[in-house]
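Before any comments, here is the structure.
Just so you know, all these numbers are worked out from the coordinates, no wet-lab data involved. Computed from a prediction, not measured in an experiment: that's the story for all the values here. We place every Cβ from the backbone using ideal geometry, glycine too, and count neighbours over all the protein chains shown.
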């Protein structure tokens, strides 16, 4: 697998925005499934804990007041909308990095770019944004990091597959 590091300099090239939005949406779905899997099968917690925390971004800390973290349609709907909007926005940001630097020259390069992007999102979310959303601090750890690496790599790989450009 050749990474073509020498060919990655900035050039005027617009991302394929629809492909980026779809890739971010789909990668957000993958991340959500991983979070549900982790909370129920590995952490032995309610599957709705993460949904309550994500919904609290939009709804405020009131979404966290349900101490049993049970299913609540309003909370789950807010979590889904918030999660998918963030996934789409992050897919667009990722494409804005990939396209002008030609980081989509090979699958290996785009996966590496996605992994670095996933790491950056993890660090931003769980170390930078904690001052605004302190309820995410207890989610720091290898499982959340792995999920964000998978998100970045999935978004990048799907963008690479969906974009309309000659390589």
Report summary line: Between the alpha carbon centres of segment 30-73 and segment 135-167 the gap in Å comes to 20 Å
Query raised in the report: By how many degrees, 0 to 90 and rounded to 10, does the Cα axis of helix 73-98 deviate from the longest principal axis of the chain?
Result: 20 degrees
Query - On Cα atoms only, tilt of 107-123 relative to the major axis of the chain in degrees - result: 40 degrees
Query raised in the report: So how do 15-28, 122-135 stack up, highest first, on mean other-Cβ count within 10 Å?
Result: 15-28, 122-135
Query raised in the report: Top mean-square fluctuation among 157, 96, 79, Gaussian network model of the chain, C-alpha springs under 10 Å?
Result: 96
Query raised in the report: Thinking of segment 68-167 as a set of Cα atoms, what percent of all their pairs are more than 16 Å apart?
Result: 62 percent
Report task. Would you list the P(r) distribution for the chain, with all Cα-Cα distances sorted into 10 Å bins from 0 and each bin expressed as a whole %? Result -> 11, 37, 31, 16, 5, 0
Report summary line: Yeah, segment 29-101 with a ≥ b ≥ c from its alpha-carbon gyration tensor (a/c under 1.5 is rounded, else prolate when a/b outruns b/c, oblate otherwise) is oblate
